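Colleague: Below: one structure in structure tokens.
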Amino acid sequence: MFIGYARVSTDEQSIDLQLDALERAGCQRIFNDSGFSGALKSRPALDELLAYLKPGDTLVTWRLDRLGRSLSHLILLVNDLEVRGIAFKSLSEAIDTSTAGGRLQFHMMGALAEFERALISERTKAGMAAARLRGVQLGRPNKRRLLKV
């Protein structure tokens, strides 16, 4: 069974576009959160949806960013769904984890996100090392140094 999830961050935004797309995709039930930021870990309708889903179901969203608060959160959610025997489908990105190609596409995105995080970490560490070599004090000022001023 196709189960939809829609979300808008503010009550002023319209959720109609998402609901229409999910209905056209064949969703028999749609959960939606209005006025909840994607940055929130817990959203009432999302929590209810995750408890409602059962093996063989497909969770459908209009776009990836409607479900996860970050790519890493999205990957965790989809991996949890996969373990539970639940597929994931994003209409805008044409990702469908019920197919081999869709799983590959989703995992490639995850690998690229992990690679990007590693590059950012390496650049940050290199920048901090270069700053130390120039004599820059990193971090919070030492309490004793503040008292001497």
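The values are calculated or read from the model by the stated rules, or taken from the named source; none is laboratory data. This is a predicted model, so every value here is computed, not measured. Here Cβ is always computed from backbone atoms with ideal geometry, including for glycine, and neighbour counts include all displayed protein chains. We work out accessible area using only protein heavy atoms, side chains counted, and drop any ligands, DNA or RNA first. Shrake-Rupley method; radii C 1.70, N 1.55, O 1.52, S 1.80 Å.
Colleague: Could you rank ILE30, ILE95, ILE120 by how accessible they are, 1.4 Å probe, largest area first?
Modeller: I get ILE120, ILE30, ILE95, largest accessible area first.
Colleague: Once amide H atoms are placed 1.01 Å from N in the peptide plane, what residues at a sequence separation of 5 or more from ASP57, or on another chain, have their amide H within under 5 Å of its amide H?
Modeller: For ASP57, the qualifying residues are ALA87.
Colleague: While we're on this one: According to a simple spin-label model (label point 7 Å from Cα along Cα-to-Cβ), what is the distance in nm between VAL136 and PHE2?
Modeller: 5.2
Colleague: Could you check the spin-label model distance between ARG117 and SER92? Points 7 Å from the Cα along Cα→Cβ, value in nm.
Modeller: Simple spin-label model gives 2.3 nm for this pair.
Colleague: Give me the orientation-averaged projected area of the Cα convex hull of the chain, in nm², one decimal.
Modeller: Averaged projected area of the chain's Cα convex hull equals 13.2 nm².
Colleague: Over the chain, what is the mean sequence separation of C-alpha contacts under 8 Å (at least six apart), divided by residue count, expressed as relative contact order in percent?
Modeller: 19
Colleague: Any idea how far apart VAL83 and ARG29 come out in nm if each label point goes 7 Å out from Cα toward Cβ?
Modeller: 2.3
Colleague: Now a separate question. For region 76-149, compute the orientation-averaged projected area of the C-alpha convex hull (one quarter of its surface), in nm².
Modeller: Averaging across all directions leaves 8.8 nm² for the Cα convex hull.
Colleague: Based solely on its DSSP helices, what 222 nm [θ] is calculated for the chain when runs of n ≥ 4 H residues each add -39,500 (n - 2.57) and the sum is averaged over all residues, nearest 500 deg cm²/dmol? Let's see the in-between values first.
Modeller: Details: 5 runs with 71 residues, N = 149.
Helices in the chain give a 222 nm mean residue ellipticity of -15500 deg cm²/dmol.
Colleague: On to the next question. For region 63-128, what does the relative contact order come out to in percent, with C-alpha contacts under 8 Å and a separation of six or more?
Modeller: Dividing the mean separation by the residue count of region 63-128 yields 23 percent.
Colleague: Just reorder ASP65, ASP33, ASP11, ASP16 by solvent-accessible area, largest first, 1.4 Å probe, all chains present.
Modeller: ASP11, ASP16, ASP65, ASP33
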